[in-house]
1. Cα axis of helix 80-100 to longest principal axis of the chain: angle in degrees, 0 to 90, nearest 10?
2. Contour minus end-to-end for residue 241 and residue 310, with contour as 0.36 nm per residue of separation and end-to-end as the Cα-Cα distance?
3. At 7 Å along the Cα-to-beta-carbon direction for both residue 46 and residue 112, put a label point, then send me their distance in nm to one decimal.
4. Compute the angle between helix 208-220 and the longest alpha-carbon principal axis of the chain, please, reported from 0 to 90 degrees and rounded to the nearest 10.
5. Give the relative contact order (percent, whole number) for the chain; include only Cα pairs under 8 Å separated by 6+ residues.
6. Averaging over all projection directions, find the projected area of the Cα convex hull of the stretch 236-324 and quote it in nm² with one decimal place.
7. So, R0 is 51 Å and r is the distance between the beta-carbons of residue 144 and residue 336; what FRET efficiency does that work out to, to 0.05?
8. Assuming R0 = 56 Å, what is the FRET efficiency of residue 183 and residue 234, from their Cβ-Cβ distance, to the nearest 0.05?
């Protein structure tokens, strides 16, 4: 099998091959899928599917153990910084691609993938370096690295075949959604990264209440509260001056002043409605985007603030799939707005 005219290489075969210029650094990130989902592949277990082949000799490949994990890695980077940047970029590509397909994944930690001091200290002592496999790592390709499987171990038949209704082909993911996303230009900042992680985390929540809260929190990560109009702010400033001049107790004065100061900005509910209205057009559960967000935000507030009007599990189970689509669509629209 070939992809865009490039052969498939196993991680081991590429390192031993003379057809690709070997340069020092590689990135690697193993991810865990939800328990009810498996990525399958037609390839032998010792081969990886090439997602990108660079003219300068670097490449990115993906493989699966067909038991609920997927690993993507890249080799041929001249510096650890280039490897880290590429790893972060492909991590985001895969986050977005899987989210579009309704597939939840735990990508682990993406911060500080390269730790030169650790490798220097280990080399001086003649020892190897143990790295947690379920996170983004960067290391020299010939370094003595041990990857720790820091997830719960499972025993499974090596010839296990996943149920077809709960599986997806690795080749189809790489050639389809991942290829489409990797061709696009976009920027993901810290708040978008957090929202993406929360969306993926929600797929692991079997409790409808915690899943609902996680999904709405993902939307909150996107919200930037805007200042109210100058007319409103001017009137609030007048009230603030009046309160400061009044002879009332210190605690009461501070409470009122804090409330008036907060009113200069939109509430989370208002800002979320504006965000939904700006980026989305279709209805969700027969509601316009801003009204759907308002209902979802009220549900979330009633859940976490102990309201007697808290939605029941049955209601949340019916609403959460629609909320998941809403969050996915909103994230996609915000990321690719430019």
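Each value in this text was obtained by applying a stated rule to the coordinates, not by laboratory testing. If you're wondering where the values come from, they're calculated on a predicted model, not measured in any experiment. Note: ideal-geometry Cβ built from the backbone for every residue, glycine included; neighbour counts use all protein chains shown.
1. Orientation of helix 80-100: about 70 degrees from the principal axis.
2. Values: separation 69, 0.36 × 69 = 24.84 nm, distance 3.89 nm.
Length difference between fully extended and current span is 21.0 nm.
3. About 3.8 nm, to one decimal.
4. Between helix and principal axis, roughly 80 degrees.
5. Details: 481 pairs, mean separation 53.3, N = 338.
Relative contact order for the chain comes out at 16 percent.
6. On the way: hull surface 32.2 nm².
For the stretch 236-324, the mean projected area of the Cα convex hull comes to 8.0 nm².
7. Working: r = 42 Å, r/R0 = 0.81.
It comes out at approximately 0.75.
8. On the way: r = 49 Å, r/R0 = 0.87.
The calculated FRET efficiency here is 0.70.
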